[in-house]
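**Q** Here it is, the structure, as structure tokens.
The values are calculated or read from the model by the stated rules, or taken from the named source; none is laboratory data. Predicted model, so just to flag it, every value in this text is computed and none were measured. No Cβ is skipped: glycine too gets one built from the backbone with ideal geometry, and neighbour counts run over all protein chains shown. SASA here: full protein model, heavy atoms, side chains in, ligands and nucleic acids out. Shrake-Rupley method; radii C 1.70, N 1.55, O 1.52, S 1.80 Å.
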Amino acid sequence: MKILGLNINTRYRWDHHINYLVSSLSSRLKIIKCFSNPKMNCNTYTIISIIKSILLSKINYALVIYGHSSNSKLRKLKSIINSAVRSSLGAFRSTPVNNMLFESNILSLVTQTTVLTTKLLKSLAFSANTPILKLVSQCRTSKKNSKNTVIHISHY
């Protein structure tokens, strides 16, 4: 079943969605490799902004949902990101991935998943229309009253 661009199966495994992303991102990766050719004489910062706009925007969509799947499933997406960054920087294959990502100012997939999840939880916790707000307000009031209540609530 496909809902809002996410391919969901009955077991809530994200194999099909990740394979769909890989196939759609491979053509976009060819565009980036074309721009990173020395004959095109394109600026590195321009190529990195293209990577952020046409690759990472598609990957980051619903990353909060499928980003916590196993590392073996996410390895396909990591290789596409790494290949795009490597070609944009003109780096060798032996260059460490963390160094390339730091040089290009792109977060790793695991870090990006954590950042997006934290932002979502923050917005859910402080929005007025969610049941989580009631729990957060109870924690705040109980924290003012006594420390034992906070410990009791934090176990839930």
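**Q** With a cap of 13 neighbouring Cβ atoms within 10 Å, and only residues DSSP puts in a loop, list the chymotrypsin sites (Phe, Trp or Tyr not before Pro) found in the range 17-97.
**A** Working: sites: Tyr20, Phe35, Tyr45, Tyr61, Tyr66, Phe92; in loops: Tyr61, Phe92.
Passing both the DSSP loop test and the Cβ count: Phe92.
**Q** Distance check, please: which entries in Lys30/Lys58; Lys33/Lys78; Lys76/Lys122; Lys2/Lys78 exceed 20 angstrom between their Cα atoms? Can you show the working numbers first?
**A** Numbers: Lys30/Lys58 15 Å; Lys33/Lys78 16 Å; Lys76/Lys122 29 Å; Lys2/Lys78 23 Å.
Cα-Cα > 20 Å for Lys76/Lys122; Lys2/Lys78; rest within.
**Q** Pop the C-beta distance of Lys58 and Leu135 into the FRET formula with R0 = 35 Å and round what comes out to the nearest 0.05. Mind showing how you got there, number by number?
**A** Numbers: r = 34 Å, r/R0 = 0.97.
E(calc), rounded to 0.05, equals 0.55.
**Q** What part of the accessible area of the chain, given as a whole %, is carbon or sulfur when the probe is 1.4 angstrom?
**A** Answer for the chain: carbon and sulfur cover 59 percent of the accessible area.
**Q** I'd like the Kirkwood hydrodynamic radius of the range 13-89, using the inverse of the mean 1/r over distinct C-alpha pairs, in Å. Please list the in-between numbers first.
**A** Details: mean 1/r = 0.0775 Å⁻¹.
With all distinct Cα pairs of the range 13-89 included, I get 12.9 Å.
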